[in-house]
Amino acid sequence: MMFTRVCRADTIDEGGMRLVIADAQLIVLTWPDNGELKAFQGVCPHTAAPMEEAGFDGRVLSCPVHNWTWDALTGTPLHPQESALAEYPVKVEDGVVYIDTDGISPLFAAR
C-alpha cells in the first residue's frame with residue numbers, strides 16, 4: 001500500500017467531513033458519529049460533480065446536486081440505490097491522515 005499524507009487529523013471532527021486531494025483524486029473524508037474516519041470518492045457517481053458542498057449529518061452524506069445519499073459508514077447508496085461510493089483505505093498516524101488510492105477509481109452510475 002502506498003499512503004499519501006492529506007491533512008492533520010485535528011482538521012476534522014467527529015460528525016464532520018472535509019474534501020482533500022490524494023494522488024490527483026478528490027476525496028471526501030467523513031467521520032461518522034460513533035464511527036471511524038472514512039475516505040470516499042469526492043465526486044458524485046451521478047453527475048461527477050465535486051462533493052465540496054455535500055451535506056453530512058454525522059451519518060448520511062448527500063450530494064448537493066440531486067440529493068443522492070450514502071451511508072458514511074459503508075459508502076452504500078441509500079437513495080436512490082443506484083451507485084456506491086468508492087472507498088479508500090485511510091489511516092491516522094501521529095495526528096496525520098493518510099489515504100491509499102492505489103488501484104481504486106471513482107464509481108459511476110449507468111447513464
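Between residue 109 and residue 82, what is the spin-label point distance in nm, taking each point 7 Å from the Cα along the Cα→C-beta axis?
With each label point 7 Å from Cα toward Cβ, the separation is 0.2 nm.
For the range 69-81, just list the computed ³J(HN,Hα) in residue order, Karplus coefficients 6.51, -1.76 and 1.60, θ = phi - 60°, integers in Hz, with x standing in for Gly and Pro.
10, 9, 6, 6, 8, 10, x, 5, x, 9, 8, x, 8
Can you compute the label reach from residue 24? Point 7 Å from Cα along the Cβ direction, backbone N cut-off under 16 Å, restricted to the range 67-111.
Correct set: 101-106.
Given H placed on each backbone N at 1.01 Å, which residues far from residue 22 in sequence or on other chains put an amide H within less than 5 Å of it?
27
In the chain, which Cys residues have no partner Cys with a Cβ closer than 4.7 Å?
7
In whole Hz, what ³J(HN,Hα) sequence does the range 92-107 give by Karplus (6.51, -1.76, 1.60; θ = phi - 60°), x for Gly and Pro?
10, 9, 6, x, 10, 8, 10, 10, 10, 9, 4, x, 10, 10, x, 9
Enumerate the amide H contacts of residue 15 below 5 Å, restricted to partners 5 or more residues apart or on another chain; note that Pro and chain-start residues carry no placed amide H.
Under 5 Å from the amide H of residue 15: 31, 33.
Where both residues lie in the chain, what percent of DSSP beta bridges are antiparallel, nearest 5? Present the calculation step by step, with values, prior to reporting the outcome.
Details: 29 of 29 bridges.
Given both bridge residues lie in the chain, the antiparallel proportion sits at roughly 100 percent.
Given 0.36 nm per residue, what is the gain on full extension from residue 47 to residue 66 after removing their alpha carbon distance, in nm? Provide the component values of the computation, followed by the final result.
Values: separation 19, 0.36 × 19 = 6.84 nm, distance 0.88 nm.
6.0 nm is the gain from fully extending residue 47 to residue 66.
Taking neighbour counts of Cβ atoms within 10 Å as a proxy for exposure, in what order, fewest first, do 87, 52 appear?
Least to most surrounded, the residues fall as 52, 87.
Projected onto the charge dipole of the chain (+1 at Lys/Arg Cβ, -1 at Asp/Glu Cβ, origin at the Cα centre), which of 101, 3, 65 gives the Cα projection farthest towards the positive end?
Result: 65.
What is the magnitude of the charge dipole of the chain about its Cα centre, with +1 placed on the Cβ of each Lys and Arg, -1 on the Cβ of each Asp and Glu, and no other charges, expressed in debye to the nearest 20?
Taking the Cα centre of the chain as origin, the dipole is about 260 debye.
Looking at the chain, what % of the alpha carbon pairs are farther apart than 21 Å? All intermediate terms of the calculation are to be shown ahead of the outcome.
On the way: 1700 of 6105 pairs.
I get 28 percent for the Cα pairs in the chain exceeding 21 Å.
By counting other Cβ atoms within 10 Å of each Cβ, how are 8, 59 ranked from fewest to most?
Numbers: 8 12, 59 15.
Sorted ascending by nearby Cβ count, the order is 8, 59.
Values quoted throughout were computed directly from the atomic coordinates according to the rules given, and no laboratory measurement underlies them. Bear in mind the structure is a predicted one, so any value in this text is a computation, not a measurement. Don't worry about glycine lacking a Cβ; one is built from the backbone with ideal geometry, like all the others, and counts go over all protein chains shown.
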